[in-house]
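Trainee: My questions will all concern the structure given below.
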Amino acid sequence: MNPTLAGQIFESFLHPGERAIATHKLSSFGVNAIPVLESLFSGEAKNSWGVSYSRLGMPIYCGLITAKLLGSLAKPLEPFIRECLHSAEGGMYAVEALRAIGTLDETSIVELAACLNKNTSLAWEVAYTLHCCGAEKNEAVIEIANSSQKISRILIDARKSYYKNLLNS
């Protein structure tokens, strides 16, 4: 992708009225969007003042949304997405992007399991993602579920929702 176009997209991520269009435009490039997103997540992509877009917050969130739109094509971005799990605002976007990838590395599953101890809203999304990705029986997930009745309940509720959605689709 043209570096100028990538810069224009990253700049659009900074403007509320342009974000949605920019995420969809970048995702429309399919596999060619991967190196652009890698440059964003790695901090290589910088604005005209030399500031990394990754330090500006919103471009990372938009990058995570774009990764979600790419679905399984975003698999090469999994390590970058996983790093965003622990961001206060970006955690939910990272969970959704990992869910869209579909099959997850062991490291991602372990990191997701650790997020089950976070706020209930994030924990529920993590639990649902683990079910969607077939990782609910992973040793790390079982271990954390056995450590907390609340987490076990969240996993059970997420499983019910997952199967209900399967039946309705």
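The values are calculated or read from the model by the stated rules, or taken from the named source; none is laboratory data. All values derive from a computational prediction rather than experimental measurement. As a convention, Cβ positions derive from the backbone with ideal geometry for all residues, glycine included, and neighbour counts pool all protein chains shown.
Trainee: Being under 15 Å from Glu83 (Cβ atoms), out of contact with any helix residue (DSSP H, G or I) (no Cβ under 6 Å at 6 or more places or on another chain) and not in a helix (DSSP H, G or I) is the filter here; which residues of the range 19-54 pass it?
Mentor: Passing the criteria: Glu44, Ser52.
Trainee: Which condition does Ala33 not pass, out of (1) surrounded by fewer than 19 Cβ atoms within 10 Å (Cβ to Cβ); (2) under 17 Å from the mean Cα position of the chain (by Cα), if it passes all the others?
Mentor: (1)
Trainee: Which of the residues spanning the range 1-18 are part of a helix (DSSP H, G or I) and of a type in the set (A, V, I, L, M)?
Mentor: Residues of the range 1-18 that are part of a helix (DSSP H, G or I), as a first pass: 3-13.
Across the range 1-18, the qualifying residues are Leu5, Ala6, Ile9.
Trainee: Given the conditions (1) loosely packed, with under 12 Cβ neighbours inside 10 Å; (2) outside any helix (DSSP H, G or I), report the number of the one that Lys160 does not fulfil.
Mentor: Result: Lys160 fails condition (2) only.
Trainee: Would you say Glu89 is at pLDDT 95 or above and not hydrophobic (A, V, I, L, M, F, W, C)? I'd like the intermediate steps shown before the answer.
Mentor: Working: at pLDDT 95 or above: no; not hydrophobic (A, V, I, L, M, F, W, C): yes.
So Glu89 does not fit the description; no.
Trainee: Give me the pairs: first residue in the range 64-83 and not assigned by TED's automatic domain parsing to the domain that holds Val110, second residue among the aromatic types (Phe, Trp, Tyr) and assigned to a helix (DSSP H, G or I), beta-carbon distance under 8 Å, and six or more apart or on different chains, which are they?
Mentor: Listed by first residue and then by second, the contacts come to Leu64/Tyr93; Ile65/Tyr93; Lys68/Tyr93; Leu77/Phe41; Phe80/Phe41; Ile81/Phe41; Glu83/Phe41.
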